[in-house]
Amino acid sequence: NEYRARIEAGLVGAKRENPATSVATLKHTAHRLGTALCPQRGEKDEQGAFEARGARLSRGFQGDFHFTAWGPASDAERLEAALASFTAPFDAESDGGAVRAKSTRTYDALLATVDFAHGHHGCEKAPGPKA
């Protein structure tokens, strides 16, 4: 279709101009091109991602688990803001001399968010506005 051909031509041109362009940059560029060529695409993509939203918690045999969630970009922004408010800074001083990886600090922030939600479950008056 013509729409797809125009986007592909734009991406090939971008890669030709800058051969070091990463796949992530090309994906971002494709999204921007798609939005420029079809302004309704952003809303359509957001609605589609919302309708396809979901989460899965799988427990392993050794007591571990994996949690995966997917949904629209607007929900990703809400989740990032909530996690950011509970994520510890990247420094050894606040961790008793240990420097924890970003993934570890994000995990800890997720559980802190869960603890916060459980602590306020059933409250008559919410503690403040949502992130």
> Ordered by packing density, taken as the mean number of other Cβ atoms within 10 Å over each peptide's residues, highest first, how do 75-88, 112-125 rank?
Replying inline: 75-88, 112-125
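Please give the length that would be gained between Ala98 and Gln62 if that part of the chain were fully extended, namely 0.36 nm times their separation in residues minus their C-alpha to C-alpha distance (nm, one decimal). If you can, show how the numbers build up before the last one.
Working: separation 36, 0.36 × 36 = 12.96 nm, distance 2.63 nm.
Full extension of this stretch gives 10.3 nm more.
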> So what's the back-of-envelope 222 nm ellipticity for the chain, counting only DSSP H runs of four-plus at -39500 (n - 2.57) apiece and dividing by all residues, rounded to 500?
Replying inline: -18500 deg cm²/dmol
> Dividing the convex hull volume of the alpha carbon atoms of the range 1-43 by its residue count, what do you get in Å³ per residue?
Replying inline: 61 Å³
>> Assuming 0.36 nm per residue, please report the length gained on full extension of the stretch Cys38 to Arg4 beyond their Cα-Cα distance.
In response: 11.1 nm
>> Which residue, Ala52, Leu33, His120, has the largest displacement toward the positive end of the dipole of the chain when charges sit on each Cβ (Lys, Arg +1; Asp, Glu -1)?
In response: Leu33
>> Taking only Cα atoms of the range 1-92, what ratio of Rg to Rh do you get with Rh as the Kirkwood inverse-distance radius?
In response: 1.11
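Treating only the Cβ atoms of Lys and Arg (+1) and Asp and Glu (-1) as charged, compute the dipole magnitude of the chain about its Cα centre; round to the nearest 20 debye.
On the way: 17 positive and 17 negative charges, 96 e Å.
Computed charge dipole of the chain: roughly 460 debye.
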> For the chain, what relative contact order do you get, as a whole percent, if you take Cα pairs closer than 8 Å and at least 6 residues apart?
Replying inline: 14 percent
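Quick note: the coordinates plus some simple rules give every number you see, no bench work behind them. Only a predicted model underlies this, so the values are computations on that prediction, with no experimental measurement involved. Note that each Cβ is placed from the backbone with ideal geometry, even for glycine, and that neighbours are counted across all protein chains shown.
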